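One structure is given here, and the rest of the page talks about it.
The values are calculated or read from the model by the stated rules, or taken from the named source; none is laboratory data. All of these numbers come straight from a predicted model, not from anything done at the bench. Reconstructed Cβ throughout: ideal geometry from the backbone, glycine too, with neighbour counts over all protein chains shown. These accessible areas exclude ligands, DNA and RNA; they are computed on the full protein's heavy atoms, side chains included. Shrake-Rupley method; radii C 1.70, N 1.55, O 1.52, S 1.80 Å.
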Amino acid sequence: QVVYGSVDQAGSWDIYLYGLEDRSNRRLTFDSGVKSHPVFHPDGKRVLFSSVQDGHQQIFELDLTRGAPQRLSEETDGVARSFSVNGDLVFFDRPGEAPTQRDIGFFSRADGVVTMLLEDSAAERYPSLSPDGEWLAYESDASGRTELYVRPFPAFYAIRQVSSAGGRFPVWGVPGRPEEHTPNSRHQPT
């Protein structure tokens with residue numbers, strides 16, 4: 001299945017689910033607001049997406065088997081980008097308070113409690129947790145150009161820049177695949 005956002009001829013932004021085997025195309029959202037940035041929960045049974053409501057980009061979850069979309073946390077606005085392996089933590093980026101541009105944090109699906117990881121004057125986006133849960137990759141323009149960085153997680157220290165000529169949209173390789181080319185680490189961002 002493929003989940004995606006699309007705008008129809010009437011200008012309504014919604015989330016759709018496409019089935020590869022049966023070529024079905026199912027609309028998942030119907031209410032007002034711009035819905036975008038869908039991402040599957042690791043269990044494949046739920047989809048998270050952002051919806052602009054009252055001028056704020058809020059994170060919602062939709063169970064694909066039943067129910068209407070539910071807002072996950074009252075404490076955060078932004079875009080869900082990735083999960084912990086078990087799906088309990090949701091990593092997101094959101095507009096920052098002045099003078100910050102874009103900030104990175106995560107929240108617990110169990111209680112909605114938000115923990116901010118990066119809130120500085122740079123624009124940080126697209127947090128992506130490694131498959132072993134030990135590293136968080138993200139992009140930042142702190143150097144004056146958007147580059148990719150990794151930091152240990154949950155102890156968020158020892159920043160490591162992994163791109164040198166610009167970088168965007170970090171995605172982790174699957175463990176044990178030939179793409180892993182650094183012998184001293186189990187997972188490297190690709």
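Beta bridges per DSSP, both residues in the range 84-166: antiparallel share near 95 percent.
Within the accessible area of the range 1-158, the carbon and sulfur atoms contribute 48%, probe 1.4 Å, all protein chains present. In the neighborhood of Asp77, defined by Cβ-to-Cβ distances under 12 Å, what is the net charge if each Lys or Arg adds +1 and each Asp or Glu adds -1? That sum, taken over residues with Cβ under 12 Å, equals -3.
Apply the a/c threshold of 1.5 to the C-alpha gyration tensor of the range 1-101 and tell me whether it is rounded, prolate or oblate. The shape class here is oblate. Surface analysis of the chain yields an accessible area of 54 Å² per residue, using protein heavy atoms and a 1.4 Å probe.
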